[in-house]
Amino acid sequence: MNSQSTTNAQDARAFYLSSFDSLSKQSFVNEPAWLHEIRRGAIERFNELGFPHTRLEEWRFTNVRAIAETEYELAAQAGEYPAEAFEAVRLPQLDAWRIVLVDGVFSAELSSLRGLPEGVRVQSLAQALETDGALVEPYLARKGSYEDNPFAALNTAFMRDGALISIPQGVELNKPIHLVYLGSAGSRARAVFPRTLVAAGANSKFEIVETFAGRGENHLTNAVAEISLGEYARGQFIKFQREAASASHISNTTIDLARGATFLHHNLNFGGSLVRNDITASLNGEDVDCTLNGLIMGHRDQHVDNHTTLLHEKPHCRSWEMYKSILDDDSSGVFKGKIFVQKDAQKTDAKQTSQSLLMSDKASINAMPQLEIYADDVKCTHGATTGRLDENALFYARARGIGPEAARAMLTYAFAAEIVEAIDLPEVRDELEGLISERLPA
């Protein structure tokens, strides 16, 4: 049976169970017992859950049957990634430490990690597990639960490598860290399971840019990121998703914020055919500030589904959420944003907004903002709008000599500008502006 063969749902599950048993006797055989226990629990949970289907409320608008019915090659070795293709995605103007993985495998050749401050660790997750598992064990699969998500369970069972970022208490990084996950081209459909762990100590500060870029058609990236900030730590995390046009990208991100922490997350989606991002932020201490921003630039037949959850656990916390979707051609999007305010989380201030711009008659969006509040002294708002370019604004621009396509491009960029301006790294803003411009009317 070749990599493109399709199977029924039960056989699809059996493929991963059989693959796990084989790897347990080969690649995973020398791992520490605690890690193998985590893997075993994850594959058993995947077996219980199976792949999600559209009868489930959380997956009602996103059909993953094509993923479930593909027997992917489970990448164990890295393919080649051409230098010119790497240059196009590595953000050359950004002065940053850089860690690169190709097909889920660390590339020392493409990485640049010299000059890290004392005590800061930026390294291959596989290497860290081999040489210093005690540093990894408190964080791996501790915050990012796979109990309700079969894709997170699969990542936990099959992860081989990824990135570990550990920032000690009180350290403020003076330049960003760039994580680059690359997928090489190949004739067989390949699946990779990268894992990112970020542990920032109290009163630390960091900026991380994460890029997913692929050349392999019909490949699957199933990524998990676990991010923890200590008390009064400050962090910014910017994710660029630039997968190949027919690739699938599934990601699960969990964020754990202690007292006084400040965190900004930017989720920027340009590539892939089938994309699903689940982001959960837990505000576990008082006086936390958390911002979740997102942008979809959809065209052709792309489908991008963003599910976000903000858990307000403690009093005096603030959260802001702004997701914008620009959808053209036959593309479709989903935004489901949930804010939970627990009984003890008095004085919560939470704002959530979803805005969608449909550029064609065939484009569509399903937006579902939600609030669930158990405290009685809070300020919480949510809202969703969907529409087309303002005809009056287009007429105003045309009346001043601006051509029709230029006017559409100008107004479309203005719609996205709020997301662009929220990023305070100029080199990243420039890259984002370029990616947006590539999708605007010529």
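Throughout, read-outs are computed from the coordinates displayed, never taken from laboratory work. Just so we're clear, the structure is a prediction, and the values are computed from it rather than from any experiment. Backbone-built Cβ (ideal geometry, glycine too); neighbour counts: all protein chains shown.
Below is a table of values for the structure above.
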item	result
The chain, relative contact order [Cα under 8 Å, separation at least 6], %	9 percent
Nonlocal amide H pairs with Phe263, under 5 Å, H built at 1.01 Å	Gly235, Asp289, Cys290, Thr291
In order through region 48-56: 3J(HN,Hα) via Karplus (6.51 cos²θ - 1.76 cosθ + 1.60), integer Hz, x for Gly, Pro	6, 7, x, 6, x, 9, 6, 7, 7
Cβ-placed point charges (K, R +1; D, E -1), dipole of region 9-284 about Cα centre in debye, nearest 20	340 debye
Spherically averaged projected area of region 100-221 from its Cα convex hull (nm²)	8.3 nm²
Largest to smallest principal axis extent of the C-alpha atoms in region 93-149, angstrom	40, 26, 21
Three-way shape call for region 35-74 based on the alpha-carbon gyration tensor, with the a/c threshold at 1.5	oblate
Dipole-positive endmost among Ala406, His178, Tyr323 within the chain (Cβ charges, Cα centre)	Ala406
Amide H contacts of Ala245 (H built 1.01 Å from N, under 5 Å, at least 5 apart or other chain)	Gly272
Listed peptides 349-360, 241-252, 367-378, 429-440 by packing density, highest first (mean Cβ within 10 Å)	241-252, 349-360, 429-440, 367-378
Globularity index of region 13-171, i.e. its alpha-carbon radius of gyration over 2.2 N^0.38 Å	1.19
Per-residue Cβ neighbour rank within 10 angstrom, fewest leading, Val180, Val136	Val136, Val180
Total charge dipole magnitude, region 382-436, about the Cα centre, Cβ charges on Lys, Arg, Asp, Glu only, Debye to nearest 20	440 debye
Hydrodynamic radius of region 196-237 per Kirkwood, over alpha carbon pairs, in Å	12.2 Å
Positive-end residue, the chain charge dipole about Cα centroid, Cβ charges, pick of Pro82, Ile423, Val209	Ile423
Per-selection Kirkwood Rh - region 390-442 (Cα, Å, 1 d.p.)	11.9 Å
Residues Cys290, Cys317, sorted so that the one with the fewest Cβ neighbours within 10 Å comes first	Cys290, Cys317
Over the chain: Rg over Rh, Cα atoms, Kirkwood Rh	0.96
Set of aspartates and glutamates near Lys343 by C-alpha distance (under 20 Å), chain-local residues within fewer than 8 positions excluded	Asp256, Glu286, Asp287, Asp289, Glu313, Glu372, Asp376, Asp377
Sequence-distant aspartates and glutamates (8 or more away, or on other chains) whose Cα lies within less than 16 Å of Lys362	Asp301, Asp328, Asp329, Asp330
Dimensionless Rg over Rh [region 259-333; C-alpha; Kirkwood]	1.10
Cα-based Lys pair tally, region 9-284, threshold under 25 Å, eight or more apart or on separate chains	5
Residue order, fewest to most surrounding Cβ atoms within 10 angstrom, among Phe106, Phe151	Phe106, Phe151
Residue-wise HN-Hα coupling along region 387-400, computed from phi with Karplus coefficients 6.51, -1.76, 1.60 (Hz; x: Gly, Pro)	x, 10, 4, 5, 4, 5, 5, 4, 4, 4, 5, 5, 5, 9
At 0.890 mPa s and 25 °C, Stokes diffusion of region 320-368 via Kirkwood alpha-carbon radius, µm² per second	197 µm²/s
